[in-house]
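A short worksheet on the structure shown next.
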Amino acid sequence: MKKIGPPVDRVDGPLKVTGGARYAAEVPVARVAHAVLVLSTIARGRITGMDTGKAERAPGVLAVITHKNAMHLPPQPTRETRASQGDHVLQLLQDDHVLYNRQPIAIVVADTFERAQHAAHLVAVRYEAAPVDVDLLRTRTAARAPHPPYHGTVAQTLPVESRRGDVAAALAAAAVRVEEVYTIPAETHNPMEPHATIAVWHGPTHLTVYDSTQGVFEDQRKLAASLGLPRENVRVISHYIGGGFGTKGAVWSHVPLAAMAAQKVGRPVKLVLSRPQMFGPVGARPQIEQRVVIGAGRDGVLAAIRHEGRSSVSQFDQFCEHFTAPTRALYKCPNLDTTERVVSLDIATPCQMRAPGEVTGTFALESALDELAVKLAIDPLELRLRNYAETDPETGRPWSSKSLRQCYQTAAEKFGWSRKKPQPRSMVDGKLLVGWGMATATYPANVRPASAIATLFADGTALVRAGTQDIGTGTYTVMTQVAADALGLPVEKVRFELGDTDMPETPTSGGSCTAASVGSAVHQACLGAREKLARLGNGGGADPSVDEPFAAQLARHGMKRIEARYDAKQLETRDRYAMRAFGAQFVEVRVDPELGEVRVSRAVGAFAAGRILNAKTARSQLLGGMIWGISMALHENTVYDPKLGRIMNNDLSEYLVPVNLDIPAIDVLFVPEDDPYVNEIGVKGVGEIGITGMAAAVANAVYHATGRRIRDLPITLDKLL
Amino acid sequence: MIAAADLTVQRPRTLKQALQLLRDASAENQPLTPMAGGTDLFVTLNMGQRPSARYLDLWAIEKLRGVEATGKRGLVFGALATYTDCIESKAVHKRLPILVDAARQVGGVQIQNRGTLAGNIENGSPAADGVPVLMAADATVVLRSIDGERRVPLAAYYHGYRKTERRADELIVAVEVEVPDGTQRFDKVGTRAAQAISKVVMAAVGHRLAFGSVAPTVVRARALEAYVEAGGRDVAEAQRLALEDARPIDDVRSTAEYRRRVVANLVAAWLGGLDKPPRTR
Ligand SMILES: Cc1cc2nc3c(=O)[nH]c(=O)nc-3n(C[C@H](O)[C@H](O)[C@H](O)COP(=O)(O)OP(=O)(O)OC[C@H]3O[C@@H](n4cnc5c(N)ncnc54)[C@H](O)[C@@H]3O)c2cc1C
């Protein structure tokens, strides 16, 4: 596999830096009108009156759509009847209920964006507000089991409870015990490109939508179902996406609303959310509280773990954060109890956010392990090695591959971990306290069914197509490499096209599954095309690309092109092996003891994630994940007013993420790993693992620096003084 | 929210024209909002708050630009003097180096290029970074109307949260400083290393001490200053006195308790360095 691996520059790079790459809102569409959403200012209650007269009379306004005059839609799915992961219960102006703060309650369409925005502010709304309950940590509402039958994460449905051995007995007998509670606030995705949709009707029954989405097919299904159209009448196109991180993993209300608005005004309609509108109506990480109880022997060998907790969900929809998933897989431990519960609050429905479950769960588990290491005076890395799981602790299956030990070694060596002084507050730099912390990273190796078509042309070039998305991760580039490799062509001779429901079906880009799933289909489709060509005769089983160029072969058979399709499924090895990527995170922080300011001064991450398709784009994914982990540890927090239920920091001035100066040089190291079982191309995916473990590594470093254990994210200055 | 069509912006070229426009507007009871860099005003516009629909853009009045050194220790900042002007001025580096520190930590480069000291003062945010430095340096705000000029000490400029001494027909035309003797110190405490709205700011020039983000306005620590001037050096007493003027609250950005502790810690650090020779550049 020669084309696979090297740090090939992004094939779409020149287009991106010259403005030639057209994102959803930039697609030129004749006569396009502009829509702006009006969002609710209360968090629960009813709309008792809406004065739209001023807005309707404002210059350029084409329509003001509210629940009074919105098109009647077929019955929408409810929490109980929703069909799939992406099938959110939406708010489509069908009634006067307000279910959460910043819910879409009207849509204003005008000939220019500025006029639509102006008119949107002229809509006057009267409410009957009801009391709200928005804070997981203060609510009196009891936790409950997530709603059956559906409570899946991106790639698979995970159990919300699991048991092995006898935890109670093992805890009672354990020489040492750690029992702590860890909390994570709601976090908001905020990709650079906000949600954006252009809806174009072709007659009353056919719709084309340009959307910024992680899943064109999910988009197509949901739009068709919401609007009562046959699925094949809806085409969704998404060629470039400026980040998604989960918020674009499923359709939210504004997408069908844009289509409704376009139908109302008889023109194409463009709807772009503003930055403040990215807070509220398009998902967030849930608020989470986790309790971890660990029992161990004096030697640090784990006897039992109980991991239980609750996460927030809306009153009207489903979502369950599977924070115990990493705990079930990470360490050898004979006795384990896990329980996940949810609490319904007056908030918008939370959703997947980069490494759902894995990042939140590892924060709690990896913090608790650090606490155990402190209690036992065992080095935290040594503690993890003593509990290394040689096989999957849950199923007993062998790993398809696991190189976590090498990850620990590589990262620890680069970081200089052996020079750590164990005592908290024992390392200083001038007046600053220096702290070192580490944690394990992990993410499941997900694969979902995907298809691709490869076409070889008489001019010696190839075109490979799959409906998938490039959410900024580098799909265009790595698929071009995979195809070039399978075809034995230079990268420049291969074009890869994506982002269109008219192309072969692929999964939503979530769960780090795109490279593995689509890559397998692309690889096989290309091999299929070669084989087809070879079967035409005179190939003699030899490599046609070497012996005789495609062009010549096709010409000899009087053909302009040859085409092959492949529908990739999960391999049956899935039933025999456990499959996960692993990594090790090491972090150094400097804390000002007088001010509580924390700065991360160094970070090293080593990861083993199967075959790396492109060293450059993979590094970017892991780096971005690690940076986000720092952000999660120190900054991110969606603040609700507990009385009014309003989001109080709905912009990037008050919702903090790190700036350049906050991020030190970060080392990303790859541990080579050859996995013949995981899928046809041996890829595990790198989109999410980089963020896992990171928040715990920072918290553990802060503890080492200051002697203070912060169990409630984010670790703000006030918690350290 | 204001529609672009409703906005009027006048752009005088001379100070006299500007002052006349202001006078006419306030006589008609339709005051004009002065605009310098616009970095505070645009935020309020964008958030749908409606401070005004009528603006007086000062940016073209060349006379108000720049920083001037006067006498041995004087600095005069024109109403359009930006943070970048401060960073680039040799005189500011020499005479009031903590203003350079503060200017470098305001926003990003774009904000430093547009944001002015006068705007920072008149905006009246308790979290302003330039104001504590100027207040600790005993700065004077020069206000002018078509009738004439008056000078108000910055320390007496605020009457309450975002309430200032300025009348609707007046402009800040300059900020004057005779930099007092003594060690200078500037501390900005924020969650991140840049682009941070301050949780606490402290600026000190000799015995003069000003705090941001701990009261409805930027404040001088008068009680503590008097104690220190009289020779007091007891840390606990100094901290207690500082908290007589610094009375922080809980808000979205931080807690009152945290701010009190930081004020106390900063006061201790300041006191420790007070009698050491001033730093030189
Ligand atoms: C991204 C960003 C980051 C920022 N970071 C910081 C920071 O770190 N620290 C900080 O302190 N501030 C910060 N600010 C706020 C702002 O940049 C400063 O307060 C700046 O000094 C304002 O100056 P300006 O010239 O832009 O004021 P403008 O917005 O033009 O005006 C502000 C106010 O002053 C009035 N005004 C302006 N000039 C005059 C005059 N000559 N006479 C009378 N009234 C006048 C205006 O009417 C208005 O009320 C930031 C702002 C942004 C957008």
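FYI, it's all coordinate maths here, none of it is from the lab. Values in this document were obtained by computation on a predicted structure and should not be read as measured data. Here the Cβ is made from the backbone with ideal geometry for all residues, glycine too, and neighbour counts use every protein chain on show.
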Subject >> chain B: calculated mean residue ellipticity at 222 nm from DSSP helix runs of at least 4, using -39500 (n - 2.57) >> reply: -9500 deg cm²/dmol
**OP:** Using the charge dipole of segment B:4-57 (Lys, Arg: +1 at Cβ; Asp, Glu: -1 at Cβ; taken about the Cα centre), state which of B:Ala36, B:Ala25, B:Leu15 has its Cα farthest towards the positive end.
**Re:** B:Leu15
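Across the residues of B:192-200, average count of Cβ atoms on other protein chains within 10 Å?
Neighbouring Cβ atoms belonging to other protein chains average 6 per residue here.
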Original post:
With Rg and the Kirkwood Rh both taken from Cα atoms, where does Rg over Rh land for segment A:101-239?
Top reply: 1.10
Subject >> Dmax and Rg, reported as Rg then Dmax, of segment A:189-328 (C-alpha, Å) >> reply: 20.5, 73
Original post:
Whose amide H sits under 5 Å from the amide H of B:Gln184, counting only residues 5 or more places off or on another chain, with H placed in the peptide plane?
Top reply: B:Gly206, B:Arg279
Original post:
Taking only the alpha carbons of segment A:1-111, what extent do you get along each of the three principal axes, in Å, biggest first?
Top reply: 65, 43, 26
**OP:** Starting at the first residue of segment B:167-173, write each ³J(HN,Hα) from the Karplus equation 6.51 cos²θ - 1.76 cosθ + 1.60 with θ = phi - 60°, in whole Hz, x for Gly and Pro.
**Re:** 8, 4, 9, 10, 10, 6, 9
Original post:
What is the magnitude of the charge dipole of the protein assembly as shown about its Cα centre, with +1 placed on the Cβ of each Lys and Arg, -1 on the Cβ of each Asp and Glu, and no other charges, expressed in debye to the nearest 20?
Top reply: 660 debye
Original post:
Out of the DSSP beta bridges found with both residues in segment A:448-569, what percent are antiparallel (nearest 5)?
Top reply: 75 percent
**OP:** Report the dimensions of segment B:62-178 along its three principal axes from the alpha-carbon atoms, largest first, rounded to Å.
**Re:** 34, 31, 27
Original post:
If you take the beta carbon distance between A:Ala129 and B:Ala223 as r and set R0 to 35 Å, what does 1/(1 + (r/R0)^6) give as a FRET efficiency, to the nearest 0.05?
Top reply: 0.20
Original post:
When the distances between all Cα atoms of segment A:448-569 are binned every 10 Å from zero, what whole-number percent does each bin get?
Top reply: 15, 48, 27, 10, 1
Subject >> DSSP bridge pairs, chain B: antiparallel proportion in percent, nearest 5 >> reply: 85 percent
Original post:
Looking at the P(r) of chain B, how many percent of alpha-carbon pairs lie beyond 22 Å?
Top reply: 57 percent
Original post:
Any idea what the alpha-carbon Rg over 2.2 N^0.38 Å comes to for segment B:1-126?
Top reply: 1.15
**OP:** First measure r as the distance between the Cβ atoms of A:Ala555 and A:Leu463, then evaluate 1/(1 + (r/R0)^6) with R0 = 25 Å and state the FRET efficiency to the nearest 0.05.
**Re:** 0.90
**OP:** Scan chain A and note any complete DSSP helix (H) whose C-alpha atoms cover at least 27 Å along its axis and whose Kyte-Doolittle average is 0.0 or more.
**Re:** A:514-535, A:615-634
**OP:** List the equivalent ellipsoid semi-axes of segment B:132-237 in whole Å, largest first, each obtained as the square root of 5λ for an eigenvalue λ of the Cα gyration tensor.
**Re:** 27, 18, 13
Subject >> For segment B:184-272: Kirkwood Rh in Å [reciprocal of mean 1/r, alpha carbons] >> reply: 13.0 Å
Original post:
Hey, rough spin-label estimate for A:Thr18 and A:Arg397, points 7 angstrom out along Cα→Cβ, what's it come to in nanometres?
Top reply: 4.8 nm
**OP:** Once you have the Cα-Cα distance between A:Lys532 and A:Val659, take 0.36 nm times their residue separation minus that, and quote the gain in nm to one decimal.
**Re:** 40.5 nm
Original post:
Hey, what's the Kirkwood Rh for chain A if you take every pair of different alpha carbons, in angstrom?
Top reply: 26.7 Å
**OP:** Can you find, among A:Ser40, A:Gln103, A:Gln85, the residue farthest towards the positive end of the dipole of segment A:1-114? Put +1 on the C-beta of Lys and Arg, -1 on that of Asp and Glu.
**Re:** A:Gln85
**OP:** Show me B:35-41, B:104-110 ranked by packing, highest mean number of other Cβ atoms within 10 Å first.
**Re:** B:35-41, B:104-110
Original post:
When you look at the Cβ of every residue in A:657-667, what mean number of other chain Cβ atoms sits within 10 Å?
Top reply: 3
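Let me know the mean shielding of B:252-261 by other chains, meaning the per-residue number of their Cβ atoms within 10 Å of its Cβ.
What the average comes to for B:252-261 is 4.
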**OP:** Find the centroid of the Cα atoms in segment A:481-533 and in segment A:256-316, then give the distance between the two in whole Å.
**Re:** 31 Å
Original post:
Given the Cα-Cα distance of B:Ala53 and B:Arg233 and 0.36 nm per residue of separation, how much length would full extension add, in nm?
Top reply: 59.6 nm
Original post:
When the label point is put 7 Å from the Cα of A:Glu179 along its Cα-to-beta-carbon vector, which residues of segment A:290-320 have a backbone N closer than 18 Å?
Top reply: A:290-297, A:303-310
Subject >> Helix axis angle, B:235-245 relative to chain B longest principal axis, alpha carbon, degrees >> reply: 20 degrees
Subject >> Projected area averaged over orientations for segment B:4-57, convex hull of C-alpha atoms, nm² >> reply: 3.9 nm²
Original post:
At A:Gln423 and A:Arg298, where each label point lies 7 Å from the Cα along Cα→Cβ, what is the point-to-point distance in nanometres?
Top reply: 2.3 nm
Subject >> aspartates and glutamates with Cα under 19 Å of B:Lys163, excluding same-chain neighbours fewer than 8 positions away >> reply: B:Asp40, B:Glu122, B:Asp129, B:Asp245
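At R0 = 22 Å, how high is the FRET efficiency between A:Leu73 and A:His97 if r is their beta carbon distance? Nearest 0.05 is fine.
Efficiency, from the Cβ-Cβ distance: 0.90.
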**OP:** Quote the convex hull volume per residue of segment A:301-375, based on C-alpha atoms, as a whole number of Å³.
**Re:** 91 Å³
Subject >> Estimated 222 nm signal from helices in chain A, with DSSP H stretches of n ≥ 4 weighted -39500 (n - 2.57), rounded to 500 >> reply: -7500 deg cm²/dmol
Subject >> Burial ranking of peptide ranges A:418-424, A:558-564, A:692-698 (average Cβ count within 10 Å, highest at the top) >> reply: A:692-698, A:558-564, A:418-424
Subject >> Residue-span extension gain [B:Asn113 to B:Arg150] - 0.36 nm each, minus C-alpha spacing >> reply: 10.5 nm
Subject >> Label-point separation, B:Arg13 to B:Arg104 (7 Å along Cα→Cβ), nm >> reply: 3.9 nm
